[in-house]
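The values are calculated or read from the model by the stated rules, or taken from the named source; none is laboratory data. Please read all numbers here as calculations on a predicted model, not as lab measurements. With ideal geometry, Cβ positions are generated from the backbone for all residues, glycine too; neighbour counts draw on all protein chains shown.
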Amino acid sequence: MASLTERIASFFSGNDSSTDEGLRDLFISELKRVYYIEKRAVDALGEQAEASTTNEVRSAFLQHQDESANQVDRLEEIFRIIGIQTEEQSSDAINGLISDARLVVTETEEGSLTRDAALIIAAQKIEHYEIAIYGSLLTLANVLDFTQSAELLSMTLEEEKTTDHKLTALAESFVNSRAREEEEQHPGSHHASRHPLHGSDADVTLGGPLGV
Ligand SMILES: [Fe+2]
């Protein structure tokens, strides 16, 4: 029986057809799953836009909803390129994240900045999940030499990262405006720690560095 190292070497030299087939199946099943996720995300972004307090957050959600609809089209293009039927594969993870995002609406006050901050946190959890899946799909596409699919996936991955950064910048602007309000109402009470730790272009989220 071949050792793992031998199998890996043989796979990367293009001589291991069973691993190749296994990875192709894995790619297809992840593709079906992200197709399901992206479609649910389009609906969720509409709900999040409707629930948001400020125009800035609403328009960020609506803009990403448009982008996500385009990402759904891109996934359909990948199904066509690799010659398999377009199909959804359910994901408990995204269903859970969307349920959590809905809870935010019931747990925060309508018309409050806290509502928007909470919506951003919920949206970023979904973004990070999507970034993880698209990143893995891109790696698989590269290993399998699915060049056209890899190009489409990397376009989407970049859009997801840009959205994540935009949401971080919006969240930071809330922290700043809240801090300004507090300073105006109670001069001298403003605590330095309420300032974001990083610049608005840094790879951070409300929850900390993402590292992508
Ligand atoms: Fe997306």
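What single numbered condition from (1) part of a helix (DSSP H, G or I); (2) farther than 25 Å from Ile120 by Cβ; (3) not aromatic (Phe, Trp, Tyr) fails to hold for Leu97?
Just one mismatch for Leu97, condition (2).
Tell me which residues, restricted to the range 74-96, are within 15 Å of the ligand (Cβ to nearest atom) and closer than 19 Å to Ile131 by Cβ.
Arg74, Leu75, Ile78, Ser91, Ala93, Ile94
Could you figure out which of (1) exposed (fewer than 14 other Cβ atoms within 10 Å of the Cβ); (2) closer than 21 Å to Leu157 by Cα isn't true of Leu31?
Just one mismatch for Leu31, condition (1).
Taking only the range 100-139 into account, find how many residues are more than 11 Å from Gln48 (Cα to Cα), away from the ligand (no atom under 15 Å from the Cβ) and within 16 Å of the chain's Cα centre (by Cα).
2
Among (1) at pLDDT 95 or above; (2) away from the ligand (no atom under 16 Å from the Cβ); (3) part of a helix (DSSP H, G or I), there is one condition Thr5 misses while meeting the rest; what is its number?
That leaves (1) as the condition not met.
Which residues, counting only those in the range 143-160, are at pLDDT 95 or above and either away from the ligand (no atom under 11 Å from the Cβ) or surrounded by fewer than 16 Cβ atoms within 10 Å (Cβ to Cβ) (or both)?
Residues satisfying the conditions are Phe146, Thr147, Gln148, Ser149, Ala150, Glu151, Leu152, Leu153, Ser154, Met155, Glu158.
If I filter the range 38-53 for residues that are over 22 Å from Ala122 (Cβ atoms) and modelled with pLDDT of 95 or more, do I get at least one hit?
No, the conditions are met nowhere in the range 38-53.
Restricting to the range 126-159, name every residue that is part of a helix (DSSP H, G or I) and without any contact (Cβ under 8 Å) to a residue 60 or more places away in the chain.
Glu127, Ala132, Leu138, Thr139, Asn142, Thr147, Ala150, Glu151, Ser154, Leu157, Glu158
Quick check on the range 55-64: of everything there that is more than 16 Å from the ligand (Cβ to nearest atom) and in contact (Cβ under 8 Å) with a residue 40 or more places away in the chain, which residue is nearest to Gln124 (Cα to Cα)?
Looking at the filtered set, the residue picked out is Val57.
Among the numbered criteria (1) in contact (Cβ under 8 Å) with a residue 12 or more places away in the chain; (2) assigned to a loop (DSSP other than H, G, I, E, B), which single criterion is violated by Glu67?
(2)
What do you reckon, is Ser52 touching a residue at least 24 places away in the same chain (Cβ under 8 Å), hydroxyl-bearing (Ser, Thr, Tyr) and within 16 Å of the ligand (Cβ to nearest atom)?
no
For Asp164, are the conditions met, namely being within 15 Å of Ile81 (Cβ to Cβ) and acidic (Asp, Glu)?
Spelling it out, it is not the case that Asp164 is within 15 Å of Ile81 (Cβ to Cβ) and acidic (Asp, Glu).
If I filter the range 81-93 for residues that are under 22 Å from Asp164 (Cβ atoms) and either within 15 Å of the chain's Cα centre (by Cα) or assigned to a loop (DSSP other than H, G, I, E, B) (or both), do I get at least one hit?
Checked against the condition, which is being under 22 Å from Asp164 (Cβ atoms) and either within 15 Å of the chain's Cα centre (by Cα) or assigned to a loop (DSSP other than H, G, I, E, B) (or both), the range 81-93 yields at least one hit.
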